[in-house]
Amino acid sequence: MNQYAWIILFLLVMSCASMTGPALSDSGPPQSWNSGVTAGPIAVDDIGGTSYDSSSRLLVEWRALPEGYDRVSVTITDLTTQSSRSELSDSGANSMTLTGLKSATGYDVSVQACVGEACSSGPNGGSAEGETAQEVWQLLGDGDSINGLTNIVFDSNAKMHAFVYGSDAPHSLRGHIQLYYGAMGGLGGSLSVATSNRPADASDDSSYSDFTSYAGSSGLIEPGFKKPGVKKPGVKKPEVKRPEVKPEDPSTLVVWIGTGQAVPLSERAGGGVRLFFEARGSDKTTRIMSLDSDDAYVGKDFHSGGAEFCSLAAEYEEGGGCHPTVEIGAEGDDIAATDQIKNVRQQKVGVPTLSDWRWNEQAGTFMVFTTGRISGCSPSKKNHGYARYDGDSWEVQYLESGCPKLFQGVQAMAPLDLGDGTFKIQFGNPDESDGKLGSNLPFLGPKRIIYGHPARSGDPDVMEFEDWDAVEDARDLIFLWPDGTVFDVTAEGYIDDFVLLTPTFDVEHQIQFVVLTDGSKIPFTSVAILKNR
């Protein structure tokens, strides 16, 4: 064979080799990869001259891939729970933005080279650790004190909750936010309704802070309340009168009305609005009850007998137009009784609002509620119990010891659906009293959050108590005054009730209504925006 034939044969061999894909090396695939991987913060906002990093994202970067590999498999491990998930990079990419992470949480991020979407495994590139930032919430208004904050409804006070109407709600309600609260003017022992004056708009913060109050003509009014008349010259203003109820009369379920939570129901669940609320009876015991609206999704009228609102003691009794269903009772009750729990208060249902703005009464839905001190079960004065809906009723969860399953040392728990089964719960820690003043107004201590996901303990459709972070692993939050100044421990501690919302049903845009005081002013409701999602 002459030299030209050898050249032609060589060229044919090389051509065939090129058709079978890149040669990894004569000795096979590389066994190592010095990736130089990093997992770093992502700056998202500058407020008052301070830069804040994302509370839910990290940027992962790596060096060029070894010859023959075109993708990277990234494994993200939560250092708090040790739970992991993997994601595949785009072809040829040398970075990836991790999303949907927990705030103030450390993650181990490892990388592995691979080929194609099937990700045939290749050499490991090592790992790096990164940590997301704390959530940063900025209040609306002006200045660096409570004096400049926006009061979203003129007569606002405590006991506040809200929900958002979805795009398939009645036309006049779509996108609006409805607030349930204890109004000023003697209506503090009641639950009044206020509705936003325009639909929520992510580009317009004022759409969350402009409400019309229907206090005195909506919701639940404490039995025996008489609305004060207009004061005229020389005429004494009538006093607010309370019902004369004998404490030993166990038939009276509702004497005082506390915190409420309105939950719109799906058509399958009957439609309308279900108002969960705490009420103290004449036996001085507080229970969680509910009433369904008589005006469909308008959600202002809960009187089934034609009256505009509930206000008379007889209306709350059996046979009355406002006779409630007892959802969770106390120890020794004939209906919905619990063990070792003397009073049940401040309930919040974990409604999966990103799936549907209405609740379809699906089994496995969770509820948290205040229990107070339970001797032998928790050393804290303030605790939250845990209940699951079984499709018909709420079942309080217990340990084998007989103690209720408790989030210990917490107050005013408020859940928010984050999608894909994940929830977070925000709460106050009243066991920490740094910054508390000599005031009778509620001081809840620092505000924190924990996360839960049903896949942790088994059934992905049921959020068990064990699916939640431990309270001791809770993450701190940062609150800012309108000018960007950080709340001190006193200001944060005097944030009382709060409710978290995704007002446009987008988890990337979150707000919360907060009831707050400075230890001397009457509490009122303002709104905060999450600035560093």
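Quick note: the coordinates plus some simple rules give every number you see, no bench work behind them. Quick caveat: nothing in here was measured; it's all calculated off a predicted structure. So basically every Cβ, Gly included, is an ideal-geometry build from the backbone, and we count neighbours across all protein chains shown.
General remarks:
- For the range 34-131, the Rg and Dmax computed from alpha carbons only, in angstrom: 14.2, 49
- Helical content of the chain, expressed as a calculated mean residue ellipticity at 222 nm, amounts to -1000 deg cm²/dmol (DSSP H runs of 4 or more residues, -39,500 (n - 2.57) each, divided by residue number, nearest 500).
- Applying a DSSP loop filter and a limit of 12 other Cβ atoms within 10 Å to the GluC sites (Glu not before Pro) in the range 387-480 leaves 400.
- Counting beta carbons within 10 Å around each of 159, 381 and listing the fewest first gives the order 381, 159.
- Listed from fewest to most Cβ neighbours within 10 Å, the set 367, 184 follows the order 184, 367.
- Pairs from 382/424; 342/436; 300/405; 284/424 whose Cα-Cα separation, in the structure shown, is over 31 Å: 300/405; 284/424
- DSSP-loop GluC sites (Glu not before Pro) across the range 81-170, with at most 11 other Cβ within 10 angstrom: 117
- Charge dipole (debye, nearest 20) of the chain; +1 at Cβ of Lys and Arg, -1 at Cβ of Asp and Glu: 1460 debye
- Of all DSSP-defined beta bridges confined to the chain, some 95% are antiparallel rather than parallel.
- Dipole magnitude of the range 34-131, debye to nearest 20 (Cβ charges: Lys/Arg +1, Asp/Glu -1, about Cα centre): 160 debye
- Semi-axis lengths (Å, descending) of the ellipsoid that matches the C-alpha gyration tensor of the range 412-503: 29, 15, 11
- The simple spin-label model puts a point 7 Å past each Cα toward its Cβ; for residue 198 and residue 210 those points are separated by 0.4 nm.
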